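In what follows, a structure is listed as C-alpha cells, so that the remarks can point back to it.
Quick note: the coordinates plus some simple rules give every number you see, no bench work behind them. Computed from a predicted structure; not experimentally measured. Here the Cβ is made from the backbone with ideal geometry for all residues, glycine too, and neighbour counts use every protein chain on show.
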Amino acid sequence: MVKSSILGYPRIGADREWKKALEAFWAGKLEESAFENQLQDIRLNHLRKQKERGIDLIPVNDFSYYDHILDTAAMFGIVPKRFAYEGGAVSLSVYYGMARGTKEATASEMTKWFNTNYHYIVPELDGATPALTENKPLNAYREAKEKLGIEGKPVIVGPLTFLKLSKGYDASETDAWLDRLLPLYVQLLTELAEEGVQWVQIDEPILVTKVSEADIERLRNIYGTINKAVPGLNILLQTYFESVESYEAVVQLPVQGIGLDFVHGGTANLAAVKQFGFPSDKVLGAGVIDGRGIWKASLREKLSLVQELAGLVSADRLIVQSSSSLLHVPVTVGKETKLLPELRGALAFADEKLEEIVLLTKALNAGEEAIASEIEQYEKDVLALRESSQRNRGDVKQAVAAISAGEPSRLPFEERHIAQQNKWQLPILPTTTIGSFPQSAEVRKARQLWRKGEWSEAQYEAFIQEQIDIWIKLQEEIGIDVLVHGEFERTDMVEFFGEKLAGFAFTQFGWVQSYGSRCVKPPVIFGDVAFEQAMTVEETKYAQSKTNRPVKGMLTGPITIMNWSFVRDDITREQIAYQLAYALRQEVEALEQAGIGMIQVDEPAVREGLPLKEADQASYLAWSVKAFRLTTATVQPETQIHTHMCYCEFHDMIGSIEAMDADVISIETSRSHGELIHSFEENTYKLGIGLGVYDIHSPRVPGVEEMTNMIDRALRVLDPKLFWINPDCGLKTRGQEETVASLRNMVEATQIARNKH
Ligand code: GLN
Ligand code: ZN
C-alpha cells in the first residue's frame, strides 16, 4: 500500500494562536504551565487534523517553541557560555534567551533557512560540551500515541545539516565535531527504536547544496554507524528545496528510505531516478505536492507523476508527500472570504494540501476512478484561474515582451554624473536618508481610522501632509541635502505597491512564520501585474513643493516586490519581474514628469532570491539586473537613480550591483564595521555609494566621532566625489527624538569630514 505523509505542519495555527501564546508568555502575561498547556493544545490540534484528513505517516517533533534548529541545539546542550547554562535540560528562559537575547547576553545570530523566508537560530559550537539533554522526538512520539493513538513519525535535523548550519568551529574540526555528535544521535535513535517507533524522518536539506567528496564520506560514516547501532529502525533520509547532489551516492546510503523533492528541482530528481534507478530495497518519499507554493495542484498531472514513480519503485515502496515542510505556507484557505472566486478556488494552503496528498494516495491504492470526480473538480478550479481575464492581459503581455526584447541602458555613468553635478550642485559627501521616518503611534492610528472608513480620504490626506510638513522642516533644519517625504502613508514597502497595482490580491489570514513569533502575510501575485494610477506622485510632489532642496522619490524595486510575495506559477519568475518592472517604470516616469529629479528604487531582497544551485545563479542575477534597468533606464541623464540594499552579503555579487547601473547605492556598512566598503573597493566599483554610517536597528544615538571615524576609514580607500552619507536603512521603527539627534550628529560628522577632504 502506498502511504501518505507530510514533512511538517505550520506551527502558528489558523488564528496565529501560537504566536499569541509565545508573546503573552514573554510579556509575563502567561504562567509557564498555562503556556505549556496552550502549546500542547495547539500541537495536538494539528496532529488531530492530519489524522482526520487521513494522513498515514504523521510527523511529530516538527512542532517547536521557536525554531527547530534552536531545538536541536538545545536538545544537545549546545548553549553559548554567555547564557550561564550549567548542563541538563535547557530551561525556557535559557532557550528564549538564545533566541531573543537577555539583559546580560546578546541573542544568537539568526539567518535564512536555505532559500526560504524562514529564519533559524545559528547554533554556536565553540566551548560547548554536547550531551543529550532530553529526547524531544521521543516525548513528541509518546504524546501523539498516548493522547491521540497516532503512530507518529519523529522528525529530526540530520547531523551533517546541523553541523553545516552551525558556527563557532573551524572546517578542520568538522570530523571531531561529528565524532561528538554522532553518539548522541545514536543514543536518541536507540531510545526511539526501543519505544517501537517505525519511521524516523532525518532531514538533510544540505544535500541539495554543493556536497564535497569528504561530505559524502561523512554521510557514509553517519548513516553506516546509525544503521549498525539501531538496525531495527527505519530511517527516511529527507532532502528538499532542490534536486539532490550526488544522487547515486546518496541513494546508496544505508538507510531505509530517501525523500526527494519532485517540485523544486523536480525535473532533475526525476531524471536521476530514471537514469540511475532507485534501489529496490528502499522506500521513496515522493515530494510531489508543493510545500512552498500556495496553488492548488492539478491532480491529473500529479497523478501521472506519482504513477510514473510507482512504476519505477513499485507501489508498496512509495510514500506520497509534500515537497518540504508545510511551514512555508499559510494554514487554511477555509477562512478567506474576500478573494475573487477564481482565485480562492485555485488556492491550497497547508490543510488543502493534506487533502491533495490523501487523494493522490487513494488513487494509487484504489485506482484512478476512486477520485474521478475530484480530479475533474480540481481541473476546473485550476483552469478557472488560468483563464481568468486577470491572467490574460494582452496589453501587458505585449508591452512587456516589447520592452524586455532589448537591453535597457542609459548614457555611461561618467557622462550622467557630470550632467547631474551641473544640475544639482551638491556639496561633496551629500547627506540623505533611506526613505522612511518614524511611524509614530499617531501615524499608525491615523492609517487605521482611514482604513476603517472612520476618516475620509481628505482627512487622511491632510494628516499625511502635516507629517510631511513636519519632517521637511526638520530635515532642512538639521541640514540634510537630499530630502525624503518620509513614507508615512505606507505600512509596508511591498503591500503599499501591491494594493495599487493590478494583479495582486491580499488574503485575510495567509500568515506564515518568518522567525520566532514574527509572521508575515505576503501579497499574492496572481494575475498580470499592471500600473493603474500613479502611486507615489502625490506625496512626493507635495513634499517637493515645500522645499527648495531636492526631494528623492521612493519606490520598491521589482525583485523585492516579487521575492516578498507569493507568485503565480504559470509563468516564470523572470516574466513576473519584467511585468513589475514595466509597471514601476511608469511610476518612475510619472515622478520624473512631476518634477522629481532623484528617484530611489529599493532592492533589499535581491540577494535572498538567489537560487541554491550555483548553475542557476548567474541567470537569476542577470534578469534581476535587467528588471532593475527596465524600471529605471528611461529617465533623463540628469535624473539621478538611487537604490538601497540592506542585510545582505554583497561580496559575491558586486558585479551584478554595478550592472544595475544606479547612480547611487546606499548600503548597510555600520553593522559589518566597514567590511562592505572593502568589497566595493576590491572590485573598483565606479558608481556612487551611500555609506550607512550608523545602525538604525538600535535606539542608541551614535556619537559624532564614531561616524567621523567610519567616514575617514572609507575615504582612505575610496573617491570622496562618489560618496554620500546616510543612515544604514529606513528610520520607521525609530522614535522621533533619537532620529533627530542621530541625524544632527550625522550632519556634523559630515561637516568635519568635508573640511578634511
Ligand atoms: N525605503 C525603505 C525605508 O526607508 C527601505 C526599507 C528597507 O530597506 N527595508 O523604510
Ligand atoms: Zn534597508
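Rg/Rh for the stretch 425-510: what does it come to with C-alpha atoms and Rh from Kirkwood?
Result: Rg/Rh = 1.06.
Bin by bin, in steps of 10 Å, what percent of the Cα pairs in the stretch 246-346 do you find, going until the bin that has the longest distance?
All Cα pairs, binned at 10 Å, distribute as 14, 43, 26, 12, 5, 0 percent.
Would you list, by chain and number, the lysines whose Cα falls below 17 Å from the Cα of residue 210, excluding same-chain residues fewer than 8 positions away?
Straight-line reach from residue 210, under 17 Å: 164, 613.
Run the dipole for the chain about the Cα centre, Lys and Arg Cβ at +1, Asp and Glu Cβ at -1, nothing else charged, and hand back the magnitude in debye, nearest 20.
720 debye
Please list the non-local residues whose amide H lies under 5 Å from the amide H of residue 598, H modeled 1.01 Å from N, same-chain partners needing a gap of 5 or more.
553, 640
Given N residues in the stretch 132-182, what is Rg(Cα) / (2.2 N^0.38 Å)?
1.55
Could you list log10 I(q)/I(0) for the stretch 229-302 at q = 0.24, 0.25, 0.28 Å⁻¹, which the Debye formula gives when each Cα is one point scatterer?
Log-scaled intensity ratios, in q order: -1.11, -1.17, -1.36.
Relative to the longest principal axis of the C-alpha atoms of the chain, give the angle of the C-alpha long axis of helix 32-53, reported between 0 and 90° and rounded to the nearest 10°.
Taking Cα atoms only, the helix is inclined about 70 degrees.
Kindly express, to the nearest 10 degrees and within the range 0 to 90, the angle between helix 17-26's C-alpha long axis and the longest C-alpha principal axis of the chain.
With rounding to tens, the tilt is 70 degrees.
Rounded to whole Å, give me the distance from the Cα center of the stretch 407-444 to that of the stretch 614-671.
Computed from Cα coordinates, the inter-centre distance equals 15 Å.
Across 20 Å bins from the origin, how do the percents of Cα pairs in the chain run, short distances first?
Over the chain, the share of Cα pairs per 20 Å bin runs 15, 47, 33, 5, 0 percent.
Using only Cα atoms, tell me the angle between helix 213-229 and the longest principal axis of the chain; keep it within 0 to 90° and round to the nearest 10.
Around 40 degrees separate the two axes.
So what's the gap between the Cα centers of the stretch 496-557 and the stretch 172-203, to the nearest angstrom?
Result: 47 Å between the Cα centres.
I'd like the distance separating the alpha-carbon centroids of the stretch 332-355 and the stretch 708-736, in whole Å.
46 Å
Using all alpha carbons of the stretch 715-757, what is the percent of pairwise distances in each 10 Å bin, ordered from the shortest bin to the longest?
Once binned at 10 Å, the Cα pair distances of the stretch 715-757 give 23, 47, 24, 6.
With a Cα-only, solvent-free Debye model of the stretch 229-270, what are the log10 I(q)/I(0) values at q = 0.26 Å⁻¹?
So the normalised log intensities work out to -0.88.
In terms of Cα to Cα distance under 22 Å, which lysines are near enough to residue 3, apart from those fewer than 8 places away along the same chain?
Partners found: 49, 51, 145, 153, 274, 282, 296, 302, 353, 362.
Using just the Cα positions, wrap the stretch 179-290 in a convex hull and report its mean projected area in square nanometres, one decimal place.
So the Cα hull casts an average projection of 7.0 nm².
Could you tell me the convex hull volume per residue, in Å³, taken over the Cα atoms of the stretch 1-104?
Dividing the Cα hull volume of the stretch 1-104 by its residues yields 114 Å³.
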